[in-house]
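Structure, as structure tokens:
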Amino acid sequence: MLLDTASLYFRAYFGVPDSVKAPDGTPVNAVRGLLDFIDRLVRDHRPERLVACMDADWRPRWRVDLIPTYKAHRVAGERADAPDEEEVPDALAPQVPVIEEVLDAIGIARVGVAGYEADDVIGTFTARAGEQVDIVTGDRDLYQLVDDGRGIRVLYPLKGVGTLQLTDEAVLREKYGVDGRGYADLALLRGDPSDGLPGVAGIGEKTAAKLLTEFGDLAGIMAAVDDPRARLTPSQRRRLTEARAYVAVAPKVVRVAADVPVPDVDTALPRTPRDPAALEDLARRWGLGGSLQRLLDTLAERP
């Protein structure tokens, strides 16, 4: 099981009341909410191994160099020699280091790689996997990794993590008319304002799906632009021609990396905490109470 950790703690932050606080009054709603999420995931899905994948760089320079608008609207401050500062709610930002410390003390593998997003870490673990993989994320970008043949699916939270959409190729075809491999091309053509991806003007989701059905993939669509016999409307041909520069670079931005230098880590879920003393101190300081204890009980009780 691979967690898109930031996606989940953002959901926890907005889903759990900010009245959930530590003894000193500091909000810990994201911390406790994430622990509750992980507890529910382990209880319901029984993964043998689990990795909390992290954004070491939420807006990698190599993506920005290709498409400067990439996530530009979420930049709180630019930095010359470090990742740009992301716009994060004031009450959430201080909780992220606490989340990291708690996961480390429990012994849940946590992996982030400089210069890459969590999506890329997930893509690399998925590419190397020789077993079923469940990806837990609230980000549809990772639908591109769905592969029935390899047992790779996305668990997409609809409400908390108690209600998850189990996303396989059948779900993708029903909702979007494409499979996992086609989803990246669909997203590229359609665009994604939340990530600052312009897409191809005039090509919405339904049109993109129809073009992919007709021509197979992005390369097939662009080959059709140069083929006067291809069944493209004059408007589609013109729009795609005008977007050639974008289409040439967007695949590298939209598709997750599969060759990230992830470190060797023990991904087995622990039955007992790696650092009980540190965890006890964290639990007391931040008032983690039942959320932490339920997860520890679930880990101890696994068959």
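The values are calculated or read from the model by the stated rules, or taken from the named source; none is laboratory data. Everything quoted here is computed from the prediction, not taken from an experiment. Counting neighbours? That spans all protein chains shown, and the Cβs are built from the backbone with ideal geometry, glycine included. We work out accessible area using only protein heavy atoms, side chains counted, and drop any ligands, DNA or RNA first. Shrake-Rupley method; radii C 1.70, N 1.55, O 1.52, S 1.80 Å.
Which of the peptides 124-136, 30-42, 65-77, 84-96 is most tightly packed, and how do the rest follow, judged by the mean count of other Cβ atoms within 10 Å per residue? Spell out each step's value before the answer.
Numbers: 124-136: 17.2, 30-42: 24.2, 65-77: 14.0, 84-96: 15.7.
So the peptides 124-136, 30-42, 65-77, 84-96, ranked by packing, come out 30-42, 124-136, 84-96, 65-77.
Using the alpha carbon gyration tensor of the range 42-156, what are the three equivalent-ellipsoid semi-axes (square root of 5 times each eigenvalue), largest first, in whole Å?
On the way: eigenvalues 141, 74, 31 Å².
After scaling each eigenvalue by five and taking roots: 27, 19, 12 Å.
Assuming R0 = 41 Å, what is the FRET efficiency of R74 and T163, from their Cβ-Cβ distance, to the nearest 0.05? Numbers along the way, then the final one.
Details: r = 27 Å, r/R0 = 0.66.
Efficiency, from the Cβ-Cβ distance: 0.90.
Report, in debye and to the nearest 20, how large the dipole of the chain comes out about its Cα centre when Lys and Arg carry +1 and Asp and Glu carry -1 on their Cβ.
Details: 39 positive and 50 negative charges, 200 e Å.
The dipole of the chain has a size of about 960 debye.
Pick out which of D120, D179, D195 has the largest mean-square fluctuation in a Gaussian network model of the chain, springs linking Cα atoms closer than 10 Å.
Most flexible of the set in this elastic network: D195.
Based on the mean of other beta carbon atoms within 10 Å per residue, what is the order of 267-275, 225-233, 204-212, most packed first?
On the way: 267-275: 14.8, 225-233: 12.0, 204-212: 17.9.
Result, highest mean Cβ count within 10 Å first: 204-212, 267-275, 225-233.
How large are Rg and Dmax for the range 177-254 when only the alpha carbon atoms are used, in Å?
11.4, 36
Could you give the C-alpha radius of gyration of the chain expressed as a fraction of 2.2 N^0.38 Å, taking N as the number of residues it contains? Show your work: numbers first, answer last.
Numbers: Rg = 20.9 Å, N = 303, 2.2 N^0.38 = 19.3 Å.
With N residues counted in the chain, Rg over 2.2 N^0.38 Å equals 1.08.
Binned at 5 Å from 0, what are the whole-percent values of the Cα-Cα distance distribution for the range 214-303, short to long?
2, 10, 13, 11, 7, 6, 6, 6, 5, 7, 9, 10, 6, 2, 0
To the nearest 500 deg cm²/dmol, what mean residue ellipticity at 222 nm is calculated for the chain from DSSP H runs of n ≥ 4 alone, each contributing -39,500 (n - 2.57), summed and divided by the residues? Spell out each step's value before the answer.
On the way: 13 runs with 139 residues, N = 303.
About -14000 deg cm²/dmol.
Express the accessible area of the chain per residue in Å², computed with a 1.4 Å probe while the remaining protein chains stay in the model. Numbers along the way, then the final one.
Numbers: 14380 Å² over 303 residues.
For the chain, the solvent-accessible area averages 47 Å² per residue.
To the nearest 20 debye, what is the magnitude of the charge dipole of the range 1-133 about its Cα centre, counting +1 on the Cβ of each Lys and Arg and -1 on the Cβ of each Asp and Glu?
On the way: 15 positive and 24 negative charges, 81 e Å.
Using Cβ point charges on Lys, Arg, Asp and Glu, the range 1-133 gives about 380 debye.
Using r as the Cβ-Cβ distance of D227 and D90, and R0 as 41 Å, what FRET efficiency do you calculate, to the nearest 0.05?
Working: r = 54 Å, r/R0 = 1.31.
Once the sixth-power term is evaluated, E becomes 0.15.
Given axes a ≥ b ≥ c from the Cα gyration tensor, I'd like to know whether the range 119-220 is rounded (a/c under 1.5), prolate (a/b larger than b/c) or oblate.
Prolate, since a/c reaches 1.5 and a/b exceeds b/c.
Distance in nm between label sites at A170 and Q293, each 7 Å beyond Cα in the beta-carbon direction?
4.2 nm
Using DSSP H assignments, which helices in the chain have an axial alpha-carbon span of 20 Å or above and a mean Kyte-Doolittle hydropathy of -1.0 or higher? Working shown, then result.
Values: long enough: 29-45 (23 Å, -0.13).
Length and hydropathy pass: 29-45.
Pop a pseudo-label 7 angstrom from the Cα along the beta-carbon direction at both E301 and K206 and give the gap in nm to one decimal.
In this crude spin-label approximation the distance works out to 4.8 nm.
Hey, got the dipole for the range 177-254? About the Cα centre, +1 on K and R Cβ, -1 on D and E Cβ, debye to the nearest 20? Mind dumping the intermediate values first?
Values: 11 positive and 10 negative charges, 52 e Å.
Magnitude of the dipole: close to 260 debye.
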